[in-house]
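What follows is a set of notes on a single structure, which appears directly below.
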Amino acid sequence: MDTFAFVFKKTVTLFLDAACIAMLARAVLSWFLREEDGGIMYFLVAVTEPLIYPVRALCSRFGWFENMPVDLPFMISFVLLSTLELYLEAYMAL
């Protein structure tokens, strides 16, 4: 693997790892804190919402998952990011 591909893989993998950790932290802290409390929750929402928004907009446009007690667009976004990371690791390993 040449140097550029290695650096690219590591950079994207680091970004995806950080995004997944931020999403997990947001999910866990949402049980204890409200989003408008500020501080760490405000930061986590600001960091993760741009990753979740496209899925949330698509779901609301077609009326999917309305009146659900669970934030399914959040979960779908997390699964997509995790799958992308696994695909990147498997594809770049060749």
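Computed from the coordinates by the stated procedures, all read-outs in this text should not be read as laboratory data. Model, not experiment: these values are computed from the prediction. So basically every Cβ, Gly included, is an ideal-geometry build from the backbone, and we count neighbours across all protein chains shown.
What is the distance, in nm, between label points placed 7 Å from the Cα along the Cα-to-Cβ direction at Tyr91 and at Arg34?
The answer from the label model is 4.3 nm.
Cα gyration tensor of the chain, axes a ≥ b ≥ c as square roots of the eigenvalues: rounded (a/c below 1.5), prolate (a/b > b/c) or oblate?
Cα axes put the chain in the oblate bin.
How do Val79, Val70, Val45 line up, fewest other C-beta atoms within 10 Å first?
Val70, Val79, Val45
Spin-label point model (7 Å from Cα, Cβ direction): what's the Val12 to Tyr53 distance in nm?
Between Val12 and Tyr53, the simple spin-label model gives 2.3 nm.
What ³J(HN,Hα) values, in whole Hz, does the Karplus curve 6.51 cos²θ - 1.76 cosθ + 1.60 give for the stretch 14-24 when θ = phi - 60°, with x put for Gly and Pro?
5, 4, 5, 4, 4, 5, 5, 5, 5, 5, 5
Quick check: pseudo-label points 7 Å beyond the Cα along Cα→Cβ at Ser82 and Val70, how many nm apart are they?
Output for this residue pair reads 1.2 nm.
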